[in-house]
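What follows is one structure encoded as C-alpha cells, with my remarks underneath.
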Amino acid sequence: MSEFFKPKKQVLKSPEQAYAELLGNSSENQIVEIAVDLIDEIDNQPQKIHEDKIDRIVESMKIVGQLDPIIVIPNPKKDNRYILIAGRHRRRACIKLGLDKVKAVIRKETNPDKQRLMLLATNNDRNTDYSPSELAFSYKEQMELLQKLGNKSTASQIAQENNTNRKTVHKYIQLTKLIPPLLSRVDSNSITVGAGYELSFLSTEQQTKVFNFMLNHPDKSKIDKDTARLIRLSPDDLQNIFYPLVDKPLLFEDEENITAEEPKAEKKINSDISETNNCPSEGQLQKNQNIPFNVLMMISFIIKKEAYSILLHIISNFPTTDEVIELINTKYVTNGVCFKGNFSEGEKPPYYTPDYEKYSVSFKKKLTVTFTSEANEKESYKLSYAELDTGLRKYLRKYVSAEDKILAIKQAHN
C-alpha cells in the first residue's frame, strides 16, 4: 500500500488535552507530583462534588493507580501554592486513599477567562452524572466566555469538547430560562429534560402557574415532553391538558361559545378576521373582506381533512406564521393543489348547515374556498395565508382535544 493511501493512526486525546488545543496551547506539559495540601480549589463552580464518583475513582486507583493528571495553575496570590483547574474528584480520591501527592500538569495560562473556560469544560468529563441544571449553567457560561474571547461556532466547540452535539448544547442552555422550582424538578426527573426545554419558552408568570398547578394536583407531579408541548401551545388551559374531556372540545375564555343555530346577518367589511358567527348573504362573493368566524372554522376543518400536514406542522413544531406560509407555498401553491369534497358523509365541520354541502379549495396567491348548497347556490371566500394561519390556530385551541394533539405530536416525531 502506498504512503498516500496509508491511514494515519488515530490518537485519542484526554478532555484536558483537547481543551488545551481549543485555547490555543497544544504543547504537552510535563506531569509532576504535587503535595495535595498545596492545592486550593475554586468555590464558584456550577458542578457539585459527587461522592459516588470519588468512590469509583478510588476503586480504580487501587488497581491501576492515577491514570489522568489533574490540571493546576500557580496561585498568583500565594507563593508555592496552586489553584485547581480540573480534577476535583481525582484529588479527593487521592486524599481518601491517604496519598500525600497527586499527579498534575502545571499550566502557565494567565488569562482569567481562559482559566475559567478550562475549569468549566474539563469538569464536564467522562463518567460523570451531572444534573441537568449543572450542565445547563456550565454550557451557558462556556458559551459566554467563548464569545467574549472572540470564538465563532461556540456551540460546536462546546459540543466537541463535551462529547455531545450542538442541539443538546442549545437545549441545555435553554433550560437556564426555567424558574428555579421547575428547574429543580428537571433535576429530580419529575420533569424530563425535553419537557423542561418546552416549558422554558413560557413567560415567568406562565411557568409559575404550571408549577402551582403541579403543587395543587399531586397526581400530576410529572410532565413528559408531549404534555409540555401541549402546555407550550395552550399555556392558559392547564385543566383541559392535564384532565382532558374526551367527548368535548377545548374551550378558551377568549373565544365565544357560538352555536350554529344563531341567525345569519350581513357582515361588516374590514381587514381583520371576525370571531362572530355572522354569515354572509347567499351568493355574496367575499374578497379581502372580514371572514366570519363560523366560516373560518369550517375552512380550518377542511384544511384538517384535506391538508393535515399544515395543521400537524403547527401542532408539533411551533412555527412562525412565515414558516407556515412557506410550507403552504412549497407543498400546495407551487404544485397547484386543489381539493373538492362534500359533507354528506363522515364528520361534519363546526356550524355545518345544508348551505355548505359541497366545497372546493384552491391554493394560489390567496386561498379560495367555494361552498355549494343543495340548491346549487355558491358562496366564495378568499383569504390570505396569514389569515388562514390565524384561523388554524384558533381552530386548534377550540376544536382539537388534548388527546388528538398528543397523538399528532407523537405522529410527527416517530
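Tabulated values for the structure
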quantity: Members of the range 51-72 found to be under 38 Å from the mean Cα position of the chain (by Cα) and surrounded by 16 or more Cβ atoms within 10 Å (Cβ to Cβ), listed by number; calculated: LYS53, ILE54, ILE57, ASP68, PRO69, ILE70, ILE71, VAL72
quantity: LEU178 being in contact with a helix residue (DSSP H, G or I) (Cβ under 9 Å, 6 or more places away or on another chain), closer than 12 Å to SER133 by Cα, of a type in the set (A, V, I, L, M) and in a loop (DSSP other than H, G, I, E, B); calculated: yes
quantity: Matching option when the condition is surrounded by 15 or more Cβ atoms within 10 Å (Cβ to Cβ) and assigned by TED's automatic domain parsing to the domain that holds PHE293, among SER380, SER344; calculated: SER380
quantity: Where a residue in the range 202-230 is touching a residue at least 60 places away in the same chain (Cβ under 8 Å) and more than 18 Å from ASP187 (Cα to Cα) and its partner, wherever it lies, is charged (D, E, K, R) and exposed (fewer than 14 other Cβ atoms within 10 Å of the Cβ), with Cβ under 7 Å and at least six apart; calculated: ASP226/LYS410
quantity: Residue within the range 376-399 that is touching a residue at least 12 places away in the same chain (Cβ under 8 Å), farther than 23 Å from PRO235 by Cα, part of a strand (DSSP E or B) and hydroxyl-bearing (Ser, Thr, Tyr) present; calculated: yes
quantity: Residue under evaluation LYS405, criteria (1) buried (at least 20 other Cβ atoms within 10 Å of the Cβ); (2) out of contact with any strand residue (DSSP E or B) (no Cβ under 7 Å at 6 or more places or on another chain); (3) within 15 Å of ILE291 (Cα to Cα), criterion not met; calculated: (3)
quantity: Search result, residues across the range 161-175 that are under 15 Å from GLU134 (Cα atoms), of a type outside the set (Lys, Arg) and in a helix (DSSP H, G or I); calculated: THR168, VAL169, HIS170, TYR172, ILE173, GLN174, LEU175
quantity: Helices (runs of 4 or more DSSP H) lying entirely in the range 198-248 (those with 3 or more residues that are within 13 Å of the chain's Cα centre (by Cα)); calculated: 225-233
quantity: Any hit, the range 86-96, residues being part of a loop (DSSP other than H, G, I, E, B) and at pLDDT 85 or above; calculated: no
quantity: Single condition LYS358 does not satisfy, out of (1) surrounded by fewer than 17 Cβ atoms within 10 Å (Cβ to Cβ); (2) closer than 18 Å to ILE310 by Cβ; (3) not acidic (Asp, Glu); calculated: (2)
quantity: Where a residue in the range 156-172 is at pLDDT 85 or above and its partner, wherever it lies, is of a type in the set (Phe, Trp, Tyr), with Cβ under 7 Å and at least six apart; calculated: VAL169/TYR139; LYS171/TYR197; TYR172/TYR139
quantity: Matching residues, the range 146-175, being loosely packed, with under 15 Cβ neighbours inside 10 Å and under 17 Å from the mean Cα position of the chain (by Cα); calculated: ASN165, LYS167
quantity: Subset of the range 109-136 that is modelled with pLDDT under 75 and acidic (Asp, Glu) - its residue that is nearest to the chain's Cα centre (by Cα); calculated: ASP129
quantity: LYS209 charged (D, E, K, R) and farther than 20 Å from PHE318 by Cβ; calculated: no
quantity: Selection status of THR390, out of contact with any Ser or Thr (no Cβ under 6 Å at 6 or more places or on another chain), more than 14 Å from ALA307 (Cβ to Cβ), at pLDDT 85 or above and in the same structural domain as SER300 (by TED's automatic domain parsing); calculated: yes
quantity: Residue match in the range 348-367 (condition: free of Cβ contacts under 8 Å to residues at least 12 places away in the same chain and within 30 Å of SER234 (Cα to Cα)); calculated: yes
quantity: Residues satisfying the stated conditions in the range 308-332, i.e. in contact (Cβ under 8 Å) with a residue 40 or more places away in the chain and of a type in the set (A, V, I, L, M, F, W, C); calculated: ILE310, LEU311, LEU312, ILE314, ILE315, PHE318, VAL324, ILE325, ILE328
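The values are calculated or read from the model by the stated rules, or taken from the named source; none is laboratory data. This one's a predicted model, so the numbers in the text were calculated from it and none came from an experiment. Here the Cβ is made from the backbone with ideal geometry for all residues, glycine too, and neighbour counts use every protein chain on show.
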